[in-house]
Amino acid sequence: LLEGKGAKQTEEIEAEVHNSSKHNLGEKTITDVCEALIGAAFMTHNKPGEWHPDQWENAIRAVTKLVKNDDHKMLQWSDYKAAYAIPAYQVGEATASQLDMAMKIELEHPYHFKHPRLLRSAFLHPSQPYMFEKLPNYQRLEFLGDALLDQASITHIFYKFPDKDPQWLTEHKMAMIGNKALGMIAVETGFYKHLRHHHDQIQHQIQDYATELLEAKSISNGAKDYWIAVSDPPKCLGDIVEAYVGAMFIDSDFDYSTVENFFNMHIQPWFDDMSLYDTYANNHPCTHLHNVLQQSFGCMEYRMFKKEVPATNNSESKDVMHAVMIHHEIVTWDKNTSSRYGQIRAAKAALDMLQGLTPMEFRQRFGCNCVLEEVEEKASVVQADCAI
């Protein structure tokens with residue numbers, strides 16, 4: 001009807017139908033969809049073991065489009081290199097000591113550094129005074145290497161285990177590149193010998209760990225998981241492995257295949273049989289927190305996230321803040337320079353806070369009705385992603 005009372009009723013019915021077809025989406029759902037779109041763009045063109053920058057162009061464009069952040073305006077891989085301002089220390093003339101160290105490390109991993117001073121920086125502990133060599137410590141390179149090893153490990157297990165869910169993939173990714181595994185890699189490669197520091201206890205801690213690890217290996221009969229039962233390594237050992245990968249990536253003009261080569265040579269062989277690490281992966285604080293929230297409390301409205309924030313020392317660098325949010329309330333947080341260890345501390349703090357709560361107390365504390373909604377909708381608990 002074009003006019004009259006009937007026409008008005010028709011318009012009202014159409015408006016009601018239109019409004020009823022809309023559904024408000026939560027922030028987590030929107031985030032998940034955006035991440036899935038980026039993943040789809042990546043998967044469409046990526047060729048495992050045959051990396052070429054053109055393969056990632058669509059994924060790069062998807063990130064730029066969806067994050068809408070001034071810090072990420074890249075449209076192709078070469079834009080990352082163009083955005084990198086080469087620091088003066090990187091291209092400075094290397095000393096005899098720095099050249100000698102570069103030659104020794106090249107024997108431990110077959111990559112030749114064009115900039116030995118950049119490599120030296122990857123092995124300078126924060127305790128080492130800047131005035132000694134006028135070089136920055138490894139923290140920024142560690143941050144970069146952390147992200148690169150994340151990419152390499154996630155890609156590896158994603159393709160190798162197409163039937164595994166996100167929870168399993170995340171747990172076992174953390175087993176591959178957690179501090180315990182990287183500490184072992186530092187000793188296996190020999191990198192641990194090159195750390196330069198100015199701290200009374202570090203050398204003793206490193207030597208004690210290396211001795212225990214090598215003794216465990218000698219009686220393991222070739223077991224790939226021999227390092228699990230050994231004491232935790234000093235954090236700095238994992239740091240220098242990550243920093244080395246970050247330095248190599250920059251030195252190679254952002255050639256990601258150098259990262260893949262390192263991962264395939266020094267990390268992947270220890271994880272051919274991932275079933276060896278099932279129990280180990282389940283003991284990670286992030287995994288434990290997911291299990292407590294989902295299985296003990298039946299809560300699905302939570303997330304773990306990270307965000308870069310200005311450093312507390314007023315320098316140009318940035319710290320990383322990790323937080324655990326339950327029903328839109330930040331319950332624990334950690335602010336530090338390290339991406340990986342911040343998430344562990346935030347997860348442990350959340351576990352401590354939740355310890356002793358009954359399901360009823362949890363629901364009252366956070367206004368959680370996820371269990372009731374799950375029963376009504378007959379929905380299964382969705383496995384959450386530990387990655388932060």
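Between N24 and D253, what's the calculated FRET efficiency when r is the beta-carbon distance and R0 is 56 Å? Round to 0.05.
Values: r = 46 Å, r/R0 = 0.82.
In this case the efficiency is close to 0.75.
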Inset, instruction - Sort 266-276, 171-181 for me by packing, meaning the mean count of neighbouring Cβ atoms within 10 Å per residue, highest on top. - result: 171-181, 266-276
Inset, instruction - Measure nothing fancy, just the Cα-based angle from helix 57-67's long axis to the longest principal axis of the chain, in degrees from 0 to 90, nearest 10. - result: 60 degrees
Inset, instruction - For the stretch 27-82, report the convex hull volume of the alpha-carbon atoms normalised per residue, in Å³, without decimals. - result: 78 Å³
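Looking at the stretch 79-148, I'd like the Rg to Rh ratio, where Rg is from alpha-carbon atoms and Rh is Kirkwood's inverse mean 1/r.
Values: Rg = 12.5 Å, Rh = 13.1 Å.
A ratio of 0.96.
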Inset, instruction - Could you work out how far helix 339-354 tilts from the main Cα principal axis of the chain, as a 0 to 90 degree angle to the nearest 10? - result: 50 degrees
Legend entry - Two-decimal ratio, the chain, of alpha-carbon radius of gyration to 2.2 N^0.38 Å: 1.16
Legend entry - Helix 202-218 axis, angle to the chain major axis (alpha carbon atoms, nearest 10°): 90 degrees
Inset, instruction - Order these peptides, 218-225, 99-106, by their mean beta-carbon neighbour count within 10 angstrom, highest first. - result: 99-106, 218-225
Legend entry - GNM result for the chain, Cα springs below 10 Å: residue of L351, L37, L25 fluctuating most strongly: L25
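Going from the alpha-carbon gyration tensor of the stretch 83-219, what semi-axes, largest first and in whole Å, does one get by taking the root of 5 times each eigenvalue? Walk me through the numbers on the way to the answer.
Details: eigenvalues 172, 89, 40 Å².
Ellipsoid half-lengths, sorted descending, are 29, 21, 14 Å.
Each value in this text was obtained by applying a stated rule to the coordinates, not by laboratory testing. Since we're looking at a predicted model, the values are computed, not measured. No Cβ is skipped: glycine too gets one built from the backbone with ideal geometry, and neighbour counts run over all protein chains shown.
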